[in-house]
Amino acid sequence: NLENYVYSGKDSDGLIDLFTELEFTSLIERMSLVKTAPSMPEAVYTRGNAGDLEGGKNVFVELREDGLYATDGEKHIILDPQDITLLKNVCAWSVKDTMHALDKLGVEFDGFTDDISLMCYTASPADSGMTVQKAATAYLGADTVSDTLTVLPMIFQKVYAVLEEQEQTALYKDTELP
């Protein structure tokens with residue numbers, strides 16, 4: 001049928017999937033491609049303590065002006081920054097930046113298990129300068145992210161799967177991770 005071959009515009013979702021698979025994620029931004037956005041989770045944070053998060057799961061943290069925001073992907077709490085020492089399996093977008101910010105507050109913590117920005121860099125070195133927003137676009141197809149911390153668990157899962165597929169987990173864990 002001839003109608004099957006009529007040009008009806010670019011297939012942004014298809015191009016994003018193709019470019020992500022080929023690790024051409026910088027082209028996604030350069031071509032201003034926007035995938036049909038899945039709904040990004042909205043989180044309500046409440047003051048809590050480290051025990052409120054489920055043990056054994058990764059805990060994603062982000063230091064903000066009014067405290068240490070933390071999530072295990074289900075619960076979202078605000079902690080005093082020094083309470084980070086009570087957490088296990090701690091992940092951050094940038095471990096280096098988070099450690100520097102904690103140091104300025106007089107909090108010493110070196111128990112981070114994963115640095116998501118380094119995971120993204122290891123998975124796609126050509127995309128240096130990756131931000132949470134860019135990673136959410138490249139790996140989740142999100143056009144906007146209202147709360148960066150809520151998407152970190154999803155980015156972590158997607159990028160870790162890419163690292164496993166590329167057989168790059170050892171490179172990330174042994175070489176890249178501080």
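Could you tell me which of the residues A43, A70, A50 is under 29 Å from L171 (Cα atoms) and either open to solvent by less than 30 Å² (accessible area, probe 1.4 Å) or among the aliphatic types (A, V, I, L, M) (or both)?
Checking each option against the conditions leaves just A70.
V162 versus (1) hydrophobic (A, V, I, L, M, F, W, C); (2) within 23 Å of L27 (Cβ to Cβ); (3) in contact (Cβ under 8 Å) with a residue 60 or more places away in the chain; (4) surrounded by 13 or more Cβ atoms within 10 Å (Cβ to Cβ): which is the lone unmet condition?
V162 satisfies every listed condition except (3).
Being over 20 Å from E74 (Cα atoms) and surrounded by fewer than 18 Cβ atoms within 10 Å (Cβ to Cβ) is the filter; apply it to region 138-153 and report the residue that is modelled with the highest pLDDT.
Step by step, filter region 138-153, then rank; the result is T144.
Please find, among A170, A135, the residue that is assigned to a helix (DSSP H, G or I), under 23 Å from L33 (Cα atoms) and either open to solvent by 60 Å² or more (accessible area, probe 1.4 Å) or out of contact with any strand residue (DSSP E or B) (no Cβ under 6 Å at 6 or more places or on another chain) (or both).
The unique qualifying residue is A135.
Which condition number in (1) surrounded by fewer than 21 Cβ atoms within 10 Å (Cβ to Cβ); (2) part of a strand (DSSP E or B) is the one that Q82 fails?
(2)
The values are calculated or read from the model by the stated rules, or taken from the named source; none is laboratory data. The structure presented is a predicted model; accordingly, all values stated were derived computationally and were not measured. Here the Cβ is made from the backbone with ideal geometry for all residues, glycine too, and neighbour counts use every protein chain on show. In case anyone asks, the SASA skips ligands and DNA or RNA and just uses the protein heavy atoms, side chains included. Shrake-Rupley method; radii C 1.70, N 1.55, O 1.52, S 1.80 Å.
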